[in-house]
Amino acid sequence: MAALFDLNLFPFYRIKGEEWPQLPGLLVSAPPRRAARGREDDRLIAYLTLAGNTAFSSADYNQLTTSLAGRFYKTPGALTSALRAGADTVNQFLVERNMRTTGKGQYVVGRLILGVLRESQVFLAQCGPTHVFHLAAGESRHIHEEQNNKSGLGASQTTPIYFSQTDLQPGDALALCAALPSGWEEALKAERGSFEALRRKLLSVSSDDLNAVLIQAQAGKGMLTILQGTVSSGEAHAVSVPVAAPDREPAPAGPAVSTPQPTPPPSRPASRVASGKPASRFARILSGQASEPPPAAEKTLPAQTGPQVRDEPAASHSARLISRPAGSALQPKTSRPGRFVGARAADREIPEISRPASPRRLQVFRGLAKWLRGVRVLSHNTSEKVRAFLPNLLPNLREEEPRVTGTSMMFIAIVIPLLVVMAAMTFYNKHGKTASYQENYDQAWAASVWASAQTDPAEIRVGWERTLYYLNTADDYQDTEELHELRLRAQTALDNLDGILRLDFSPAIVGGLSQTVEVSRLAATSTDLYLLDASRGSVQRFYVGAQGYQPDTQFICAPGVYNDGIQVGELIDIFAAPKVNAYGATLIAMDASGTLLFCRPSPSGPTAVQLAAPELGWRGISGFTLDVSSSYLYVLDPAGNAVWYYSPDEYGKYTTLPVMFFGAQVPADMPSVIDFSTNGADLYLLFSDGHVTACTLLEFQGVPKRCADPAQLVDNRPDRTAGLTIANAYFTQLTFTEAPDQALYFFDPLAQAVYRFSPRTDSLILQGQFRASEEDRAKMLDSTATAMAISPNRYIFISVNGQVYYATDVP
């Protein structure tokens, strides 16, 4: 799944009125050569800011974000798990650092935004009260969740994190802010012109210190470019370095950081950089053209007067490197405590945080070093003896001066090191891997013992998550039965905290699907499975067989011209028809113009019905649904701030005029509705930020008697509270199941999870969630899902990577 866009990142970094071209804590990374399963196509953006009364140098920023990236790319499975693992790395380090410096009254807290580019989507994880703005054509979406994200990183063992997702189009922009500068919210929500105009507006609208990132999306192949821009005399320039896959893996995550040093920001102030040809080069980069080498004038900048400060050492991850003009000098700067800035004056009294080496590991490597020294001495002695013995092999050879030819020397120079390396590898595979496995397994066992002794659910969660982390690390060295047993125990404990029931998923369709199929919607009956192929706007039918679901090659449900010359366009939504209906259909589909297509597995083919449009016409249909109990048909028109419903006539056909569901009481932010579902007189709307609106229609006549906008989502799990959204969940779809035991199900494609809620008039009560076992997820469900359906006989269907999987016996 290659990315479809290039992203240009412009950092804003202003301290006391001076602009700095590089932002500490900003990292972009491409997948390494040996990324974990599921991370092969993930391009990572990490934006970290720290505040407190303790110094934190740019080198420490680099090392911490690089450790974050290493942990992310080493975590297999669902994307949310990898994002959480990366955030946990930062949180664990900051918590341990704060605990060590508590006696001195020193602390550091962090705010973190992680973004992952996949195809045309960006998946976001926010830690702390951060802000993300998505600026699309004429629209602005503000992504901010403060209810469960107030504290930030380093304040608790539990990592606060909020997940979201957004679709990109060429020309879109994203703004990432740790703290929102004055005037920015109004500027970002207002109409904007070009990317350059927006950048200049954000720089000029506020005189506050700035720490933010502006991102531009352009059609491309997944290149991430950090631009170095400055503002001086109304001009700007940029130096960009595209991110490529590193030659080696990122450094492993861990809390090892050097003692903070008094390090300035990684480049000098913008007001002191020579301009060269700034405007044209910056415009070329923003337009997507290849950047040209810096002009000669930039390469020969004179050194600044005053004390010179050396540059920061480069980050170990090659994707972190950013070029700068030669000869640039830095001026040390200080900052007031409490601001989200990078470098500060170092506190030399802070002890270095280091992890003591394992005695077992020290013993192994001492033995290895001693053995290598012995091999080297043996090689030297053997060479000397061979040199002395050669003259005795042939007569009269002693009279000649013994010579060692160049070929012999080359042979010795090549073979001896190879033998040493092979011997060292054999020794490590036999002893080193065993020691590394045992060390990590012991850490996992200790974490499990600690977790079992806790009573606070938050601490229990932290303990079992650490257990899984060390088990995953130990699994890189050895795979043992005791490791699997402890992993199952840890996973079961976390599942109990989260109310997760694991199901056994299997491939649904015999022979699988074509790689060109893009599943956007699923619908199911007790015997049939239907999928909507977004690439063609048509529907495929599969019927249950002995080995699974078999394709029906004679089924027709696609764009075309049908009865009475009715034109049907590409289909956008589907719904499994009730058993008894006026058209004898098994599936109902709709196109973007409001035309219904009643499809059936019959030689007669489908029947098209053109719905009567509202008086002012359709603004933008995104879906429809059918209430089975009343046969009322509902059409969602979010662009028109409306939900329209049609009542069937005496023959069960939809020939009547549409009625506005809401009347005068229209829920706020209707354009961001992404799905809806009905049950009798109740209607539920799902919004892109995860909140839900619940409305009730009085006897299907007139205006609704009430709308809970938004409705409360009651989460009774340990260490969770009721709110407008569910923490760590990103919903894209909801659906009702038929009686008996009716329930409302929400779908989280990132975690491939199905949440079950009990609906009320003004709230929804979480009853649990269903997920595949970790073994099944590793084999099949290792990517973002796209659609979900639940059949009347309680089968759950999930589409992943163009394939469909299902689980039976769902309670």
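The values are calculated or read from the model by the stated rules, or taken from the named source; none is laboratory data. Predicted model, so just to flag it, every value in this text is computed and none were measured. Neighbour counts are summed over all protein chains in view; Cβ atoms, including those assigned to glycine, are modelled from backbone coordinates with ideal geometry. For accessibility, only protein heavy atoms count, side chains too; no ligands or nucleic acids. Shrake-Rupley method; radii C 1.70, N 1.55, O 1.52, S 1.80 Å.
Each of 708, 721, 734 was placed along the dipole of the range 688-811 (beta-carbon charges, centred on the mean Cα), and the one lying farthest toward the positive end is 708.
Here the Karplus relation 6.51 cos²θ - 1.76 cosθ + 1.60, evaluated at θ = phi - 60°, turns the backbone of the range 484-498 into coupling constants of 5, 5, 5, 5, 4, 5, 5, 5, 5, 5, 5, 4, 5, 5, 8 Hz, with x for every Gly and Pro. Computed on the Cα atoms alone, the convex hull of the range 493-548 gives a volume of 137 cubic angstrom per residue.
Could you please put 117, 468 in sequence from largest to smallest accessible area, using a 1.4 Å probe?
Details: 117 5, 468 25 Å².
Largest accessible area first, the residues go 468, 117.
Backbone geometry of the range 533-549 corresponds, through the Karplus equation with coefficients 6.51, -1.76 and 1.60 at θ = phi - 60°, to 3J(HN,Hα) couplings of 8, 5, 5, 10, x, 10, 10, 10, 10, 9, 10, 6, x, 5, 9, x, 8 Hz, x marking Gly and Pro. Applying Stokes-Einstein at 20 °C and 1.002 mPa s to the Kirkwood radius of the range 59-138, computed over alpha-carbon pairs, gives a translational diffusion coefficient of 150 µm² s⁻¹. Using a probe of 1.4 Å on the protein chains alone, the accessible area found for residue 653 is around 80 Å².
For the range 705-811, calculate the relative contact order in percent as a whole number, restricting contacts to Cα pairs under 8 Å that are 6 or more residues apart. Please list the in-between numbers first.
On the way: 187 pairs, mean separation 19.9, N = 107.
The normalised contact order for the range 705-811 reaches 19 percent.
For the range 613-735, the ratio of Cα radius of gyration to the globular rule of thumb 2.2 N^0.38 Å stands at 1.11. Ranked by solvent-accessible area (1.4 Å probe, protein heavy atoms only, all chains present), the residues 139, 185 order from largest to smallest as 139, 185.
Amide hydrogen proximity for residue 613: with H placed 1.01 Å from N in the peptide plane, no residue at 5 or more positions away or on another chain lies under 5 Å. The H on the amide N of residue 3, modeled in the peptide plane, is under 5 Å from the matching H of 119, each at least 5 residues off or on a different chain. Residue 456 contributes an accessible area of around 70 Å² to the protein surface, as traced by a 1.4 Å probe with all chains present. Highest average first, the peptides 610-616, 805-811 ordered by how many other beta carbon atoms sit within 10 Å of their residues are 805-811, 610-616.
Order 415, 580, most accessible first, counting only protein heavy atoms with a 1.4 angstrom probe.
Ranked list, largest accessible area first: 580, 415.
Close amide H contacts of residue 624 (hydrogens built in the peptide plane, cut-off under 5 Å, sequence separation of 5 or more or a different chain): 636. Reducing the range 733-747 and the range 546-587 to their Cα centroids gives an inter-centroid distance of 23 Å.
From the convex hull of the Cα coordinates of the range 502-592, what is the mean projected area in square nanometres? If you can, show how the numbers build up before the last one.
Details: hull surface 29.8 nm².
The directionally averaged projection comes out at 7.4 nm².
With a Förster radius of 56 Å applied to the C-beta separation of residue 527 and residue 205, the computed FRET efficiency comes to 0.40. Shape analysis of the range 1-120 places it in the oblate category; the axes a ≥ b ≥ c from the Cα gyration tensor give an a/c of at least 1.5, with a/b not above b/c.
Would you mind working out the magnitude of the charge dipole of the range 455-519 relative to its Cα centre, with +1 at each Lys and Arg C-beta and -1 at each Asp and Glu C-beta, to the nearest 20 Debye? Numbers along the way, then the final one.
Working: 5 positive and 13 negative charges, 32 e Å.
I would put it at about 160 debye.
Label positions at residue 696 and residue 422, each projected 7 Å from the Cα along the C-beta direction, are separated by 8.1 nm. Surface calculation, 1.4 Å probe, protein heavy atoms: residue 484 sits at approximately 90 Å² accessible. Using θ = phi - 60° in the Karplus curve 6.51 cos²θ - 1.76 cosθ + 1.60, the 3J(HN,Hα) couplings for the range 644-657 round to 10, 10, 10, 9, x, 7, 5, 9, x, 9, 9, 10, 7, 7 Hz; x is entered for Gly and Pro.
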